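Participant: This structure is in C-alpha cells; I'll ask about it shortly.
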C-alpha cells in the first residue's frame, strides 16, 4: 500500500469512528413525560411502582430539584432489587455525579444481598448504566437490555 | 477497572499473574496484551477500538517515517502528529473550543459533549514520543505490531501513567528479567501505593469535600485546612497510582520511570517540578521545550518558551481555563524564580524556602481543584482574609479535632523518612517487615470494602 493510500484509509477509518461515537452519544431533547410514557409501555416497568423524590434522595443521595427531570421506578416486593432511574440534566457534566451515585447504590445493594440473595446479586451484577447526551440511564431488571433499548429509541 | 478495587486485586490480577508466569517466555507478551485490552475494555468497551486504532496507526506511520527520513522528507511525521492531536483534540478540547467561541462571539453553538476516553492523554503522548524518537533516530522502528500495541496498552500504566517513553522500555519488550526478588519489590510497591490511595487519599478527599460544602460556615483556617487536605490528597492519589503501576511493572519484569520524588519537601518551585509528575515534565522538556530552544536562547525567547510549555502543560491537564491559568501560574513563577527572586529565596533559611514553596503549591491547587475560575477566586479570597469570613469558627475546630491526626500522619508520610525507615526495617528484620506489610494490606482491604466508589483524580486527564 502506498503512503498516501495508507493515510487516506486511516483518515477515513478515524472519521467513521468519530462520526459513530458522536452520533451514539447524541440525544434528542425529549420531555421526561414522553420518556415516562414510553417506559411504562414496557410490562416490566409497568409492574414496578413509581418512587418519590424522597426515595431518590434516600436510595441514591440525588437531589431531584438539581436536575431537569428524574424518573424513578422500584420493584414492589420487599426483597426486589429491580429499579429504573433516568435523570436528565442541563448538560452532560451536570449529570456526571449521578453515575457515581448509581455505582454506590449498586455496590451497597450487592453488599446487602451478598450471601443470602444470589438471584438479587446476579441481577445487580447485570445492571445496565449508561449516559447518552444529557441523560443518564440505570436499570436493574431481568429485561434491563430491552428497557434500555426502548429508552434509546425514545431519545 | 480500578487498581483499588476488590475485583482487580482478588480476581483480575491473580489470574493474569498466574497465566503470565505459567506461559513460556515467548508467549508472555501475548498474555500481557490480551490482559491489557480486557482491562481497558472493562470500562471503555467502545473506546478500546480508539486505543487499538491509535496503536495500529502509529505503528504503520512510524515505519513510513523511518523510510521517508532517509530522503529528507517529513510529511508523514507532520501527518502523524496532526492525526494524534486531532484525536486528542476531538475528545478533549472541541467542547472547550466551541464554548470559548460561543462566549467570545456571543453566539450559541449546540453540540453533544463526549465522554473523555480514559487515559487518552497518556497513551497519545506515549505514541507521539515514539514517533518523535523514530524520526530523530533515537530508537529503531518496531517491526512487530504486537510489541508496539503492547507498549501503548500496557495495563499497569495505561490509564494514568507514568508516561513511559518507548526508548525506555524498547529493550524490555524483547527481554526482561523476572525473579522472586523483583516480584517481591513489586508487591511491596503495589501495597504501599494501594494504601496511599485507599487509606490516605480517599479520607483526605472527604475532608476537602466537607470544607468545600461549608459555604456560609467557611472560615479562613477552614479554607487552609481544606486546601491542605487536597494538597495531600492529590499527592497520595496520583503517586499511589504511580506506585501501583511501577509495582505491577516490576512483577512483570518492567522497570518504569519514577513519577514522584517527594515533591512536598521542595524548597523552590523549580525543585517542585523536578519532583512532581516527572514523566510529564520530562516529556514536555524533551519534545517541546528543547526543540523550541530551551534556555539556550535570548531571555525574551526563553520566557516565551517557558510560557508556551506551561500553557500546554496546563491545557494537557484539562480543557478549561482554570487549567490554563494553573499552567501559566507556574510558568510565570518559574520565570520569576529564574530571573527575579530565585537567588534571594536560595539564601533564606531552609524553613522559609519550604514554606514559600508550599504556599505557592497550595495556592496552585486551588485552581486545579475548583474548575470555575470565579469559585477558585472566591476560595482564594477566603484563604487570604478577603472573603469577609471569620478567621476561626466552631466548624473549623470540629473539623480540626476530627481530622488532625489523619492530616499529620499524611504530612509525615509525604516525606521520605517513613518509607526509608520501613525499608531499613525490611532489610534488617525481613519477617517483621513482611508482617507489617501484610497488616497494611489487610487494613487497606478493610478500608476498600467499607468505602464508596473513589476513582483516581488523574483519570479525568
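Participant: Given the conditions (1) within 18 Å of residue B:152 (Cβ to Cβ); (2) in contact (Cβ under 8 Å) with a residue 40 or more places away in the chain; (3) within 11 Å of chain A (Cβ to nearest Cβ), which single one is not true for residue B:6?
Facilitator: The failed condition is (1).
Participant: For the stretch B:27-44, does any single residue satisfy the condition of being under 27 Å from the mean Cα position of the chain (by Cα), within 14 Å of chain A (Cβ to nearest Cβ) and assigned to a helix (DSSP H, G or I)?
Facilitator: The answer is yes; a qualifying residue exists.
Participant: Moving on. Taking the stretch A:14-65 as the region of interest, how many residues are within 14 Å of chain B (Cβ to nearest Cβ), assigned to a helix (DSSP H, G or I), over 16 Å from the mean Cα position of the chain (by Cα) and surrounded by 14 or more Cβ atoms within 10 Å (Cβ to Cβ)?
Facilitator: 5
Participant: So, residue A:129, is that one in contact with a helix residue (DSSP H, G or I) (Cβ under 8 Å, 6 or more places away or on another chain), within 19 Å of residue A:32 (Cα to Cα), crowded, with 19+ Cβ neighbours inside 10 Å and at pLDDT 90 or above or not?
Facilitator: no
Participant: Where in the stretch B:111-199 are there helices (runs of 4 or more DSSP H), lying fully within it, with 2 or more residues that are assigned by TED's automatic domain parsing to the domain that holds residue B:316 and in contact (Cβ under 8 Å) with a residue 60 or more places away in the chain?
Facilitator: In the stretch B:111-199, B:180-195 are the helices (runs of 4 or more DSSP H) which contain 2 or more residues that are assigned by TED's automatic domain parsing to the domain that holds residue B:316 and in contact (Cβ under 8 Å) with a residue 60 or more places away in the chain.
Participant: Hey, another quick one. Pick from the stretch B:46-89 the residues that are facing chain A (nearest Cβ under 10 Å) and not in a helix (DSSP H, G or I): which of them is modelled with the lowest pLDDT?
Facilitator: The extreme case among them is B:46.
Participant: Quick one: which of A:104, A:108 is in contact (Cβ under 8 Å) with a residue 40 or more places away in the chain, in a helix (DSSP H, G or I), within 14 Å of chain B (Cβ to nearest Cβ) and closer than 25 Å to residue A:89 by Cα? Break it down stepwise before answering.
Facilitator: On the way: A:108 fails: in contact (Cβ under 8 Å) with a residue 40 or more places away in the chain.
After applying the criteria, what remains is A:104.
Participant: Can you confirm whether residue A:86 is within 10 Å of chain B (Cβ to nearest Cβ), under 28 Å from residue B:46 (Cα atoms), modelled with pLDDT of 90 or more and not in a loop (DSSP other than H, G, I, E, B)?
Facilitator: no
Participant: Also: What number of residues within the stretch B:90-136 are more than 19 Å from the chain's Cα centre (by Cα), more than 14 Å from chain A (Cβ to nearest Cβ) and modelled with pLDDT of 90 or more?
Facilitator: 6
Participant: Given B:288, B:297, which one is over 23 Å from residue B:157 (Cα atoms) and in contact with a helix residue (DSSP H, G or I) (Cβ under 9 Å, 6 or more places away or on another chain)? Steps first, please.
Facilitator: Values: B:288 fails: over 23 Å from residue B:157 (Cα atoms).
Going through B:288, B:297 in turn, the sole match is B:297.
The values are calculated or read from the model by the stated rules, or taken from the named source; none is laboratory data. From a predicted model like this one, the values you see are computed outputs, not experimental measurements. Methodologically, a virtual Cβ is constructed for each residue, glycine included, from the backbone with ideal geometry; neighbour enumeration extends over all protein chains shown.
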